[in-house]
Amino acid sequence: MKKIFIDAGHGGADSGAIGNGLKEKDVCLTIALKMRDYLNREYAEQIIKLSRTKDEYLTLKQRTNMANHWGANCFVSIHLNAGGGAGFESYIYNGKFA
Ligand SMILES: [Zn+2]
């Protein structure tokens, strides 16, 4: 059974990017909650945990500590970058700090 940790970026006093009447922290949380619900509905063999389920501030260390102490197999941090560009980007930890 795999443990998937979903981190909704930003939160609380840290709004993240702001634009088009939206705050990144709110959109990240909405996506995280929908991801949790979808994965729980479609992939019951997975265990899902979220870094936050409400508008609260967590440090990056708190987020990674939560995932590591829980024994997460996968850590997904949701962000919506601003400042130009288009498309999708992902960063994958390769097991080494280079
Ligand atoms: Zn962000």
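What percent of all Cα-Cα pairs in the chain falls in each 10 Å bin, counting up from 0?
15, 44, 34, 7
List the residues, sorted by chain then number, that are 5 or more residues from LEU80 or on another chain and whose placed amide H is less than 5 Å from its amide H.
So LEU80 has HN proximity to no qualifying residue.
Which one of MET35, ILE6, GLY71 is farthest out on the positive end of the charge dipole of the range 3-78, using unit charges on Cβ (Lys, Arg +1; Asp, Glu -1) and the Cα centre as origin?
Value computed over the given set: GLY71.
Please give the net charge around GLY11, taking every other residue with its beta carbon less than 13 angstrom from that of GLY11, where Lys and Arg add +1 and Asp and Glu add -1. Display every interim value, and only then the final one.
Details: positive: LYS23, LYS25, ARG52, LYS54, ARG63; negative: ASP7, ASP14, GLU24, ASP26, ASP55, GLU56.
So the surrounding residues net to -1.
Take every DSSP beta bridge whose two residues both sit in the range 3-78, then give the antiparallel share in percent to the nearest 5.
Working: 3 of 12 bridges.
If we restrict to bridges inside the range 3-78, about 25 percent are antiparallel.
Out of the chain, which chymotrypsin sites (Phe, Trp or Tyr not before Pro) are coil in DSSP terms and have no more than 13 other C-beta atoms within 10 Å? Before the final figure, lay out each step's value.
Values: sites: PHE5, TYR38, TYR43, TYR57, TRP70, PHE75, PHE88, TYR91, TYR93, PHE97; in loops: TYR43, TYR57, PHE88, TYR91, TYR93, PHE97.
Here the sparse-neighbourhood loop sites are TYR43, TYR57, PHE88, TYR91, TYR93, PHE97.
Under a Cβ-Cβ cut-off of 10 Å, what is the net charge of the residues other than ILE48 that fall near it, where Lys and Arg count +1 and Asp and Glu count -1? Don't jump to the answer; show the numbers that get you there.
Values: positive: LYS2, LYS3, ARG36, LYS49; negative: ASP37.
With Lys, Arg at +1 and Asp, Glu at -1, the neighbours total +3.
Would you kindly state the longest site-free stretch of the chain, with sites defined as trypsin sites (Lys or Arg not before Pro) in a DSSP loop (not H, G, I, E, B) surrounded by at most 11 other Cβ atoms within 10 Å?
Details: sites that count: LYS2, LYS54, LYS96.
Free of exposed loop sites, the longest segment is 3-53.
Computed from the coordinates by the stated procedures, all read-outs in this text should not be read as laboratory data. What you are looking at is a predicted structure, and each value in this text was computed from that prediction instead of being measured. No Cβ is skipped: glycine too gets one built from the backbone with ideal geometry, and neighbour counts run over all protein chains shown.
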